[in-house]
Structures are given as C-alpha cells and as structure tokens.
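Enquirer: I am attaching a structure below and will ask some questions about it afterwards.
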Amino acid sequence: MADYIPHTPEEVAAMLEFLGLDSLDQLFAHIPASVRLSAGLDMAPGMSEPDVAAVFADLTKKNKGQLAQLTCFAGGGAYDHEIPPVVKALGSRSEFVTAYTPYQPEVAQGILQAVFEYQTMVSRLSGLPIANASIYDGATSLVEAVNMAGGATGRSTMYLSAGIHPHWRQVVQTMAFGTGHNIVIVPLRDGVTDWSSVDVRDAAAVVAAYPNYLGVLEDLSDAKALAVANDALFVVAGDPVAASVLKSAASWGADIYVGEGQPFGTALSFGGPFLGLFACTTEQIRRLPGRIVGETVDSNGRRAFVTTLRAREQDIRREKATSNICSNQTLMAVTAAIQLGYLGTQGLAEVATRCAQGAHALFDALVAIPGVTPVSSAPFFREFALRLPQSAASVLSALVGEGILGGLALRSLAGERDLSVEGDLDTIVLITVTERRTQADIDHFATSLRKVLA
C-alpha cells in the first residue's frame with residue numbers, strides 16, 4: 001500500500017526557510033524532551049495502513065483519559081454534563097452539521113431560525129435584551145467585551161477580577177499587546193475580589209465573574225458601583241448553568257454578559273470545540289461583534305429570518321470597527337439551542353440544583369478528612385478549591401489509580417504566579433461536581449482521597 005505524505009520535501013524545505021530554521025528538529029524544539037520520541041516507533045517496515053491504524057488503536061487503549069474509564073470531578077472551564085440522546089440525534093442531522101454561517105436566507109431558513117432561538121435563550125439567561133449568534137469560546141467573548149468597552153468609552157484601561165479564569169485573562173492580555181489596552185488584574189482575598197486593593201480610575205471596563213473560577217459566588221455590587229463611578233461598562237463573565245438559579249447578569253447591572261456555552265450539548269473533546277456566549281444592552285448593539293440573526297417578513301408577508309445589522313461589522317466599518325470577528329459557532333449554537341429547548345426552564349434549574357447539591361455534599365465529605373482545608377470560606381456553586389496536605393499533582397495521579405479524575409491542580413491552570421489565591425499553589429486542587437455524579441461517586445471519591453492521603 002502506498003504511503004500518503006501530505007507535504008513534499010520541497011514544501012517542507014520552503015517552510016523551514018521561511019521560518020529561518022535548519023531542520024524539523026528545530027521546529028519541534030519547544031516540545032519538552034520528556035514527551036518526544038527519542039527513537040523511531042517500534043513498528044515493522046512496510047506495514048499496511050489498516051495494520052498501522054490497529055497498532056495506534058491498541059496504544060490509545062493504554063491511556064486513561066477517557067471519561068468512560070474515569071469518574072470525572074474535573075472542571076475549570078470544561079464540564080462533564082449530561083448530553084441527552086435527543087440532543088445528539090438532532091444536533092448531528094446533516095442539515096445542521098454541514099451548515100456554515102447562513103449568509104443566504106433564501107436557502108437557510110431552518111438554520112437561521114435555530115440560531116435566532118439560540119440568541120433568544122442566551123438573552124433570557126443573561127437578562128440582557130441583545131445576544132449575538134455566538135463567538136468561538138468564552139475567552140474570545142471576553143476579548144470582544146473588552147474591545148466593546150474600549151470602543152464605547154474611548155478609554156483603554158480594563159480592570160479584571162482575578163476570579164476570571166486564568167486562561168481567559170491570558171487571552172485578554174495577549175490581545176492587549178496588539179490593541180494597546182492596559183489590563184489591571186484585581187486580586188482575590190479569601191476567594192472574593194478585593195476591589196478596594198486597587199485605585200480604579202479612567203476605566204473602560206470593570207470585569208467580574210459570577211461565580212468566579214474558584215466556584216465562589218461574589219456580591220457584585222462593589223464592582224458595579226466602580227463601573228458607574230467611572231462611567232465604564234460593567235462586564236459579567238457568568239456560568240450559564242448557574243444563571244438558571246442565581247441572579248442574572250442584568251440583575252447585577254451588567255452592560256455586557258459573556259460565558260462559555262460548552263455545558264449545553266457540546267462534549268468534552270480534548271479542548272474543543274467550544275461556544276462563546278455574548279449579550280449586551282441595546283445601547284451597544286452597533287458594536288456587537290459577530291453575526292446577529294433577526295426576524296422579519298418575506299415578500300409574501302410570511303415570518304422569515306435574516307442576518308441583520310451587517311453594516312456594523314468590520315467588513316463594512318473597516319478601521320472604525322471594534323471587532324474582527326466575522327463568523328460564529330453555528331453547529332455548537334444550534335446544539336445548545338436544542339439542549340436548552342429540551343431541558344426548558346425547569347429542567348435547567350434542576351440540573352443546576354443537582355450540581356450545587358452534589359458539590360456541597362462532596363465538599364463536606366472531603367473537608368472532614370484530616371489535612372484537607374477549604375481555600376475560601378465564601379459560598380460556592382458547583383466548583384470549589386481545597387488545599388491538600390500533599391502535592392495536588394501527586395494526589396490526582398494517585399486518584400487515577402482509583403478510577404477517579406479528581407479535579408485540576410491549580411498550578412496547571414494558574415501558572416507560576418496568580419492573584420487568585422494566597423500562598424503555595426502546588427497543594428491546591430479545583431474540584432467540580434455536575435449532575436452526572438451520583439451519591440455513590442461522591443462516596444467513592446471521599447473514600448479514595450482518604451486512602452491516598454493516609
């Protein structure tokens with residue numbers, strides 16, 4: 001069977017020359033040596049493609065990264081929620097999976113209506129009147145919120161709570177290198193944003209999380225007051241599942257809401273795809289990034305749907321645009337609409353309630369173990385951080401042997417230094433409970449952690 005090599009030697013040489021490199025080894029030099037092959041694969045020469053595929057399938061089985069093998073208590077931005085069979089069945093229909101941004105309304109009424117319904121649901125979750133047709137993920141939604149605030153106020157300083165997910169903050173700070181925005185991170189104290197620790201002035205945006213990435217539920221009144229005092233936009237990065245039982249972003253006085261929609265029907269897939277939620281007040285509609293689907297009537301007076309307010313976008317506004325987003329996550333947005341429509345208001349509230357009840361039951365069981373202490377005394381929703389008497393990474397590794405994906409080591413999320421917690425990050429673990437976790441799962445986790453720490 002002939003080999004298939006996607007790049008010719010000439011193409012590889014041209015790429016290396018363009019990059020100023022001498023070899024492919026230099027191209028991959030940034031990858032740690034511990035995860036690079038030091039020699040070739042131990043495979044017989046001349047193997048057929050099916051045989052090669054079979055070898056790699058056997059190697060894959062040695063990984064214990066599949067949720068079918070481990071009970072998942074990890075979260076930190078990607079969550080193991082239940083995806084009902086009806087969502088999988090409808091969301092995988094060819095009419096949806098082959099659809100791109102529906103530019104032509106005469107042939108895309110079904111997709112346009114589904115996206116319109118998605119926008120309506122995001123609007124209801126956020127409490128804000130305007131929602132777009134989605135953005136790539138929660139982090140890029142936050143970037144767009146910061147850009148919107150800069151465009152609306154003409155100012156460049158953004159105050160972000162350290163309770164915003166570290167990866168989201170890193171994306172915003174990366175964006176700021178190009179836009180010239182000044183990003184000020186406001187530290188947490190006992191898991192809650194300490195707004196009094198910084199002198200907020202000339203702000204374009206004040207950004208808070210609800211709940212924050214440690215799971216803590218903060219009172220956002222102080223953040224809103226600072227936004228008002230500075231005539232700045234108030235941005236709430238919220239958990240859309242929590243929004244079904246807690247105060248909405250609009251109830252806190254938000255001008256912009258951003259969130260991650262992965263919990264609504266999108267499976268954990270080793271990092272993607274995700275779904276960025278974005279909603280705002282009517283005052284900011286002309287700066288709203290990405291696509292908007294609107295309702296109208298056709299030439300025969302029948303209800304119809306179109307992409308609308310296109311003149312606000314960068315392809316028209318050019319240098320006056322505050323966004324370079326020109327697309328959306330159609331398939332994930334439609335899937336989210338299906339899941340939300342299936343659950344309904346009561347069903348989503350039941351999901352949130354089960355998450356919260358399970359998280360508090362697990363928290364109580366774990367802090368009863370000697371040496372395990374909470375990082376914050378503040379209330380939380382479905383996620384919480386604990387300090388362990390040993391290295392979080394080593395404890396989590398040991399829990400895998402008990403069949404448990406026991407959470408995330410905070411060091412892996414926060415990096416070398418972070419303003420979200422005080423002291424050593426190496427012993428802190430972030431634990432999540434979704435509606436998929438049973439009481440038996442919770443009991444097994446508690447028993448296993450006690451065993452590992454003994």
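Enquirer: Can you tell me, using C-alpha contacts under 8 Å and at least 6 residues apart, the relative contact order of the chain as a whole percent?
Expert: Value for the chain: 21 percent.
Enquirer: Among all helices in the chain defined by DSSP H, which have a length of 27 Å or more along the axis from Cα atoms plus a Kyte-Doolittle mean of at least 0.0?
Expert: 330-367
Enquirer: Here's a follow-up. In terms of the Cα gyration tensor, with a ≥ b ≥ c the square roots of its eigenvalues, is the chain rounded because a/c is under 1.5, prolate because a/b exceeds b/c, or oblate?
Expert: It is rounded, given that a/c, with a ≥ b ≥ c, falls under 1.5.
Enquirer: Which value, in debye to the nearest 20, gives the size of the charge dipole of the chain about its Cα centre, when Lys and Arg are +1 and Asp and Glu are -1 at the Cβ?
Expert: Roughly 960 debye, rounded to the nearest 20.
Enquirer: Scan region 69-106 for chymotrypsin sites (Phe, Trp or Tyr not before Pro) in coil per DSSP, keeping those whose Cβ has at most 16 other Cβ atoms within 10 Å, and list them by number.
Expert: 100, 103
Enquirer: Here is a further query. Would you list the P(r) distribution for region 85-337, with all Cα-Cα distances sorted into 5 Å bins from 0 and each bin expressed as a whole %?
Expert: 1, 7, 14, 18, 19, 16, 12, 7, 4, 2, 1, 0, 0
Enquirer: If packing is taken as the mean number of other Cβ atoms within 10 Å per residue, what is the order of 24-35, 262-273, 277-288, highest first?
Expert: 277-288, 262-273, 24-35
Enquirer: Now a separate question. Taking the Cα centre of region 78-227 as the origin, how large is its charge dipole in debye, to the nearest 20, when only Lys and Arg (+1) and Asp and Glu (-1) carry charge on their Cβ atoms?
Expert: Its charge dipole is roughly 180 debye.
Enquirer: Exactly which trypsin sites (Lys or Arg not before Pro) in region 361-454 are in a DSSP loop and have at most 13 other Cβ atoms within 10 Å?
Expert: Sites meeting the loop and neighbour criteria: 417.
Enquirer: Also: Would you calculate, for the chain, the mean residue ellipticity at 222 nm contributed by helices, counting each DSSP H stretch of 4 or more residues as -39,500 (n - 2.57) and dividing by all residues, to the nearest 500?
Expert: -11500 deg cm²/dmol
Enquirer: Please identify every one of the GluC sites (Glu not before Pro) in region 353-454 that sits in a loop by DSSP and has no more than 15 other beta carbons within 10 Å of its own beta carbon.
Expert: Those that pass, being in a loop and sparsely packed, are 416, 422.
A short reminder: the numbers here are calculations on the coordinates, not readings from a lab. This structure is a prediction, so every number in the text was calculated from the model and none was measured. Note that each Cβ is placed from the backbone with ideal geometry, even for glycine, and that neighbours are counted across all protein chains shown.
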